[in-house]
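Enquirer: Pasting in a structure now, in structure tokens, and then I'll have a few things to ask.
The values are calculated or read from the model by the stated rules, or taken from the named source; none is laboratory data. Just so it is clear, the structure is predicted and the values come from calculations on it, not from any experiment. Note: ideal-geometry Cβ built from the backbone for every residue, glycine included; neighbour counts use all protein chains shown.
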Amino acid sequence: MTSTQRPRAFRIPSADDSSAVEAVVTPSTVRIVEEPFEIVDAADGTPVPVAPKARAPWLSILFVALGGLVSLGVGLSLERLIADLFSAAPWLGWVALVLLALAGIAFLAIVARELGGVWRERQIEALRGRAMEAVATRDHSQAQSVVRDLAALYADRAVLKAGRQRLDTLGDAILDVDDRLGIAEHELLSPLDRQARNAIAASAKQVSAVTALSPRAIVDVAFVVFVAVRLLRRIATIYGGRPGFLGFIRLARSAFAHLTATGGMAVGESMMQQVLGLGIAARVSAKLGEGVLNGLMTARFGLAAMAVCRPLPFIREEPPRLIDVASELLRASTEEKP
């Protein structure tokens, strides 16, 4: 005969209930096994960290090797040229050496400017990251440090002198993190935000007007690229950046990444207004509708560049919206239509 056991109820004790742990009798047929932490994490939905795969930087090695070969070739060519000039006429060799020295000084100046621009951009990015961390962790000392660094960043701006003085009067006053950063944002960044918004609106209007009047599509594309490059440099300069070529490439990548990340939200916020405005403009003229569309694309890129170049996130100030620029753009386009 097969032996059977009657159903029994068990109470699972808590971790700090030692008396209950001693009182519980576990039958021999029941075995309690602790689950591995990986299984628990996976069941809870928390991703388990996986070690990144080590990959050989073949692309970087390729670029470094090609750069070294090009540098060796250029150096040998210059050495042979100077030697030939010295053999032909000594004064020509000396002239070539002087020109080489001037080229070397100019190259070092360009490298220093590029490195300075990249360092300035990283300083602004670090300042924005520290401000976001201070708001998230409610760190008052870090907020005070961010305000001091922000005032030092714009120490050479005469138009912001009054704002810096008002921030100095705060000193070590007891303020909330949001209030302290919001005051600094209002005093130092509000005038710069107005300049950036005006630059975005002006660039969008220029793109819209040129696109509506140009007869060739290649002219439209070239002008849009030119205005986007100029707008990015203008916004970076407004907020204290000094982008060279490398700094500009870095800013452009960040702006496009921000545009990709926030494009869906921007479309969801003002898609109906944009479609309505573009439909009205397209009924007036097909080229006018194309101009409005290109102007909206330029304005959206300008807003992304503004978010990337700004040293503080929008805390108390209202961030600019695309619908504001779109309404002005549509009004200006309809007024320019003969």
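To keep it simple, each residue is scored yes or no on (1) in contact with a helix residue (DSSP H, G or I) (Cβ under 9 Å, 6 or more places away or on another chain); (2) at pLDDT 90 or above; (3) part of a helix (DSSP H, G or I); (4) not small (Gly, Ala, Ser).
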{"site": "187", "(1), (2), (3), (4)": "yes, no, yes, yes"}
{"site": "201", "(1), (2), (3), (4)": "yes, no, yes, no"}
{"site": "208", "(1), (2), (3), (4)": "yes, no, yes, no"}
{"site": "212", "(1), (2), (3), (4)": "yes, no, yes, no"}
{"site": "218", "(1), (2), (3), (4)": "no, no, yes, yes"}
{"site": "221", "(1), (2), (3), (4)": "no, no, yes, yes"}
{"site": "224", "(1), (2), (3), (4)": "yes, no, yes, yes"}
{"site": "229", "(1), (2), (3), (4)": "yes, no, yes, yes"}
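Enquirer: Residue 231 is checked against (1) crowded, with 22+ Cβ neighbours inside 10 Å; (2) over 18 Å from residue 293 (Cα atoms) and fails just one. What number does that condition carry?
Expert: (2)
Enquirer: Determine, yes or no, whether residue 250 is surrounded by 15 or more Cβ atoms within 10 Å (Cβ to Cβ), part of a loop (DSSP other than H, G, I, E, B) and at pLDDT below 85. Quick ask: steps written out before the conclusion?
Expert: Values: surrounded by 15 or more Cβ atoms within 10 Å (Cβ to Cβ): yes; part of a loop (DSSP other than H, G, I, E, B): no; at pLDDT below 85: yes.
Criteria not met by residue 250.
Enquirer: Condition check: of a type in the set (Lys, Arg) and farther than 27 Å from residue 300 by Cβ. Does residue 194 satisfy that?
Expert: On the way: of a type in the set (Lys, Arg): yes; farther than 27 Å from residue 300 by Cβ: no.
Spelling it out, it is not the case that residue 194 is of a type in the set (Lys, Arg) and farther than 27 Å from residue 300 by Cβ.
Enquirer: Pull out all pairs, ordered by first then second residue, where Cβ-Cβ is under 6 Å, the residues are six or more apart or on different chains, the first lies in the range 144-155 and is among the aliphatic types (A, V, I, L, M), and the second is outside any helix (DSSP H, G or I).
Expert: Close Cβ pairs satisfying both conditions: 153/240.
Enquirer: Using beta carbons and a limit of 9 Å, which pairs, at least six apart or on different chains, have the first residue in the range 217-228 and touching a residue at least 40 places away in the same chain (Cβ under 8 Å) and the second one hydroxyl-bearing (Ser, Thr, Tyr)?
Expert: The qualifying pairs are 220/211; 220/214; 224/211; 224/298; 227/203; 227/298; 228/203; 228/298.
Enquirer: Hey, among 116, 129, 73, 68, which residue is among the small types (Gly, Ala, Ser) and touching a residue at least 40 places away in the same chain (Cβ under 8 Å)? Spell out the reasoning first.
Expert: Details: 129 fails: touching a residue at least 40 places away in the same chain (Cβ under 8 Å); 73 fails: touching a residue at least 40 places away in the same chain (Cβ under 8 Å); 68 fails: touching a residue at least 40 places away in the same chain (Cβ under 8 Å).
Of the residues listed, the single one that is among the small types (Gly, Ala, Ser) and touching a residue at least 40 places away in the same chain (Cβ under 8 Å) is 116.
Enquirer: Moving to a separate point now. From the residues in the range 306-323 that are modelled with pLDDT of 85 or more and surrounded by 18 or more Cβ atoms within 10 Å (Cβ to Cβ), which one is nearest to residue 195 (Cα to Cα)? Even if it seems obvious, please write down each step before you answer.
Expert: Within the range 306-323, the subset modelled with pLDDT of 85 or more is 306-315.
Among the residues that remain, those that are also surrounded by 18 or more Cβ atoms within 10 Å (Cβ to Cβ) are: 306-312, 315.
On the way: 306: 11, 307: 14, 308: 15, 309: 13, 310: 12, 311: 15, 312: 16, 315: 18 Å.
The selected residue is 306.
Enquirer: I'd like the residue in the range 73-118 that is within 30 Å of residue 233 (Cα to Cα) and among the β-branched types (Val, Ile, Thr) and, out of all such residues, is modelled with the lowest pLDDT. I'd like the intermediate steps shown before the answer.
Expert: Quick first cut of the range 73-118, residues within 30 Å of residue 233 (Cα to Cα) only: 102-118.
Now drop any that are not among the β-branched types (Val, Ile, Thr), which leaves 105, 110-111, 118.
Values: 105: 94, 110: 90, 111: 89, 118: 86.
Once the filter is applied, the top-ranked residue is 118.
Enquirer: Among the listed residues 159, 95, 146, 135, which satisfies the condition of being among the β-branched types (Val, Ile, Thr), in a helix (DSSP H, G or I) and farther than 30 Å from residue 251 by Cβ? Walk me through it before giving the result.
Expert: Numbers: 159 fails: farther than 30 Å from residue 251 by Cβ; 146 fails: farther than 30 Å from residue 251 by Cβ; 135 fails: farther than 30 Å from residue 251 by Cβ.
Answer to the check: 95.
Enquirer: What about residue 141, is it hydroxyl-bearing (Ser, Thr, Tyr), in contact with a Lys or Arg (Cβ under 8 Å, 6 or more places away or on another chain) and at negative phi? Can you show your working first?
Expert: On the way: hydroxyl-bearing (Ser, Thr, Tyr): yes; in contact with a Lys or Arg (Cβ under 8 Å, 6 or more places away or on another chain): no; at negative phi: yes.
Taking the combined requirement at face value, the residue does not satisfy it.
Enquirer: Right, something else. Quick check: anything in the range 146-157 surrounded by fewer than 15 Cβ atoms within 10 Å (Cβ to Cβ), hydrophobic (A, V, I, L, M, F, W, C) and either modelled with pLDDT of 85 or more or within 22 Å of residue 319 (Cα to Cα) (or both)?
Expert: Yes, that holds for at least one residue.
Enquirer: Still on this structure, please answer the following. Could you list, in sequence order, all residues of the range 78-125 that are loosely packed, with under 13 Cβ neighbours inside 10 Å and within 30 Å of residue 311 (Cβ to Cβ)?
Expert: 108, 109, 110, 111, 112, 119, 122
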